[in-house]
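Single-structure report; data block below.
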Amino acid sequence: MAIDPQFHENREKLDTHEGHDVWGPVDEPEKLGIHGTHVAVDFDLCIADGACLEDCPVDVFEWVDTPDHPESEKKADPANEAQCIDCMLCVDVCPVDAIDVDAGRA
Ligand code: SF4
């Protein structure tokens with residue numbers, strides 16, 4: 001399963017976290033939703049592989065701790081999504097297709 005690229009139509013914006021949107025459903029600690037809008041990471045798919053943090057040329061991602069989440073204890077948070085240059089590297093390297101980038105969605 002990959003992140004839903006239509007999440008902004010199919011999900012409800014619940015909250016903001018460190019300046020970016022959070023899209024539900026959220027039921028912590030097991031269900032964390034999607035973080036970000038221009039650069040969106042499905043926290044419920046993220047396995048903390050880390051390739052996006054390593055490869056992003058403008059350091060959009062930062063680790064955030066997510067204890068007791070079934071997939072991983074930390075997530076790649078698009079903390080600096082406004083810096084994104086739409087190179088699509090993160091989308092290509094994510095092994096579980098947890099990231100979607102769409103400049104038109106910002
Ligand atoms: S598309 Fe490129 S610049 Fe934007 S978050 Fe992904 S790796 Fe970083």
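The values are calculated or read from the model by the stated rules, or taken from the named source; none is laboratory data. Treat the numbers as computed from the prediction; the structure is a model and nothing was measured. Every residue, glycine as well, gets a Cβ built from its backbone with ideal geometry; the counts of neighbours run over all protein chains shown. Side chains are part of the model used for accessible areas, which takes the heavy atoms of the whole protein and leaves out ligands, DNA and RNA. Shrake-Rupley method; radii C 1.70, N 1.55, O 1.52, S 1.80 Å.
Rounded to the nearest 500, what is the chain's calculated 222 nm mean residue ellipticity when only DSSP H runs of at least 4 contribute -39500 (n - 2.57) each, over all residues?
-2500 deg cm²/dmol
Ignoring any ligand, DNA or RNA, what whole percent of the accessible area of the chain comes from carbon and sulfur when the probe is 1.4 angstrom?
That fraction is 46 percent.
Could you tell me which of GLY19, VAL64, VAL93 has its Cα farthest along the dipole of the chain towards the positive end, charges placed at Cβ (Lys, Arg +1; Asp, Glu -1), taken about the Cα centre?
GLY19
How long is region 1-94 along each principal axis, judged by its Cα atoms, biggest number first, in Å?
Largest to smallest, the principal-axis extents are 32, 27, 26 Å.
Work out the FRET efficiency for LYS13 and SER72 from their Cβ-Cβ distance, taking R0 = 25 Å, and round it to the nearest 0.05.
Given R0 = 25 Å and the Cβ-Cβ separation, E is 0.60.
Over the chain, what is the mean sequence separation of C-alpha contacts under 8 Å (at least six apart), divided by residue count, expressed as relative contact order in percent?
Contact order relative to length: 28 percent.
What are the ³J(HN,Hα) couplings of region 85-96, residue after residue, when phi is run through the Karplus curve with 6.51, -1.76, 1.60 and θ = phi - 60°? Round to Hz, x for glycine and proline.
My calculation for region 85-96 gives 10, 6, 7, 6, 4, 4, 4, 6, 8, 5, x, 10 Hz in order.
For ARG11, ARG105, what's the largest-to-smallest order of accessible area, 1.4 Å probe?
Largest to smallest exposure gives the sequence ARG11, ARG105.
Within region 12-86, list the GluC sites (Glu not before Pro) lying in a DSSP loop whose Cβ has at most 16 other Cβ atoms in a 10 Å radius.
Qualifying residues, ordered by number: GLU12, GLU18, GLU30, GLU73.
Enter the accessible area per residue of the chain (Å², integer; probe 1.4 Å; all protein chains in place).
53
Count the net charge of all other residues whose Cβ sits under 11 Å from the Cβ of TRP63, scoring Lys and Arg as +1 and Asp and Glu as -1.
-2
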